[in-house]
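The values are calculated or read from the model by the stated rules, or taken from the named source; none is laboratory data. Model, not experiment: these values are computed from the prediction. For neighbour counting, all protein chains shown are included, and Cβ atoms are generated from backbone atoms with ideal geometry for every residue, glycine included.
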Amino acid sequence: MADQLIRAVAADGGIRVVGVTTTRLVDIARSRHGLSYVATAALGRAMTAGLLLVSSMKKPESRVNIRFKGSGPLGGLMVDAGLDGTVRGYVENPKAELPPNADGKLDVGAAIGKEGYVYVVRDVGVGYPYSSTVELVTGEIGDDLTHYLANSEQTPSALVLGVFVGADGVEAAGGLLLQVLPKAARDEALISQLESRLSSLTGFTPLLKSGKSLSQIIGELVGDMGLEMLPGSQLVQFSCKCDRARMLSALKLLGTEELADMIEVDQGAEAVCHFCNEVYRADSQELQGLLSDLRAEQASAQR
Ligand code: ZN
């Protein structure tokens, strides 16, 4: 089934619920980047979170960028998610692998590392993007972004993320975001009820893996709290907006000497998109075109 995002409200609009399945798009990221098990789990959780975070924004062109920079072997990762349902991302050291943790789970916390930062940039499409930085809590992605939401957005929120990777690829992935909106933010009974429900939710991924739908899981969680599923689901997918012309023109940053050298010695060059790992190849003739462009730009700058 295609990956999708659904929305709901509960408690007279006091609680906002968003759920997303990301099994296919995480598997596409895994195969595009050749990700290890633990890198798949880390990037998968972060891409899922990106789609959930951007879902509360208003303008259609809105995007959220999430960057983790930690002390662990993955080095860091970057995710770019849009309200249009597209998401892309990469891991700095995609092959790094770690043994499972004491619970037998993929050790994302150790792979990201506990020392470091998470940077979140919200771009509404106009004016300056809004960015903020928080220190890592556990490196498990979900905890760190919950901490970010509490600190930077001051919205009591719970974020549940799960990625299950088997020998043949991603078997289940998805996430849930529950937010208590300002009208209910002082309702402490409601908040503590929600917290105890969430802590009793033993593993979101096993539920998804067992074949439960998102709306069933949300129903089990807050079905008796005046749950109202909002109509329509949104398709979400791995998608990158890089293109050949832009990627090749970035080769000009190497400078005239390097370009001339690539024409002489290598008879061509490659540009690789970080986000989707697509390889764009330029032959000598195209490089010659770039070199002439660059020389013309430099000549006109000197005038
Ligand atoms: Zn790309």
When residues of the range 131-145 are filtered for being within 20 Å of Gly89 (Cα to Cα) and either in a loop (DSSP other than H, G, I, E, B) or hydroxyl-bearing (Ser, Thr, Tyr) (or both), how many remain? 7
Residues to consider are Gly169, Gly139, Gly82; find the one that is under 30 Å from Gln216 (Cα atoms), within 13 Å of the chain's Cα centre (by Cα) and not hydrophobic (A, V, I, L, M, F, W, C). Gly82
Tell me which residues, restricted to the range 102-118, are out of contact with any Lys or Arg (no Cβ under 6 Å at 6 or more places or on another chain), in contact (Cβ under 8 Å) with a residue 12 or more places away in the chain and more than 20 Å from Leu176 (Cα to Cα). Asp107, Ala110, Ala111, Ile112, Gly113, Lys114, Glu115
How do the pairs read when you match residues in the range 213-232 that are among the small types (Gly, Ala, Ser) and modelled with pLDDT of 90 or more with residues anywhere that are exposed (fewer than 13 other Cβ atoms within 10 Å of the Cβ) and not in a helix (DSSP H, G or I), using Cβ under 7 Å and keeping only pairs 6 or more apart or on different chains? Gly226/Asp12
Out of all the residues in the range 85-133, which are surrounded by 17 or more Cβ atoms within 10 Å (Cβ to Cβ) and hydrophobic (A, V, I, L, M, F, W, C)? Val87, Val91, Ala96, Leu98, Leu106, Val108, Ala110, Ala111, Ile112, Val118, Val120
Of the listed residues (Arg24, Arg88, Arg45), the one being basic (Lys, Arg), in contact (Cβ under 8 Å) with a residue 12 or more places away in the chain and within 30 Å of Ala184 (Cα to Cα) is Arg45
Which condition number does Phe204 fail, the rest of (1) within 16 Å of the ligand (Cβ to nearest atom); (2) touching a residue at least 24 places away in the same chain (Cβ under 8 Å) being met? (1)
Say whether the condition of being without any contact (Cβ under 8 Å) to a residue 12 or more places away in the chain, assigned to a strand (DSSP E or B), under 24 Å from Arg7 (Cβ atoms) and assigned by TED's automatic domain parsing to the domain that holds Ala46 is met by at least one residue in the range 119-129. no
One residue is enough: does the range 234-250 have a residue meeting the conditions over 24 Å from Leu83 (Cα atoms) and aromatic (Phe, Trp, Tyr)? no
Within the range 244-253, can you find the residues that are closer than 23 Å to Glu92 by Cβ and within 16 Å of the ligand (Cβ to nearest atom)? Arg246, Met247, Ala250, Leu251
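Each row is one residue, and each column tells you yes or no for (1) within 16 Å of the ligand (Cβ to nearest atom); (2) out of contact with any helix residue (DSSP H, G or I) (no Cβ under 6 Å at 6 or more places or on another chain); (3) among the β-branched types (Val, Ile, Thr).
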{"site": "Leu221", "(1), (2), (3)": "no, no, no"}
{"site": "Cys242", "(1), (2), (3)": "yes, yes, no"}
{"site": "Gly255", "(1), (2), (3)": "no, yes, no"}
{"site": "Val279", "(1), (2), (3)": "yes, yes, yes"}
{"site": "Gln285", "(1), (2), (3)": "no, yes, no"}
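Quick check on the range 262-273: of everything there that is surrounded by 15 or more Cβ atoms within 10 Å (Cβ to Cβ) and within 16 Å of the ligand (Cβ to nearest atom), which residue is farthest from Met78 (Cα to Cα)?
Residues of the range 262-273 that are surrounded by 15 or more Cβ atoms within 10 Å (Cβ to Cβ), as a first pass: 262-263, 269, 271, 273.
Those still in the list that are within 16 Å of the ligand (Cβ to nearest atom) too: 271, 273.
Working: Ala271: 19, Cys273: 13 Å.
This residue is Ala271.
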Would it be correct to say that Ser233 is within 12 Å of Ala8 (Cα to Cα) and surrounded by 13 or more Cβ atoms within 10 Å (Cβ to Cβ)? yes
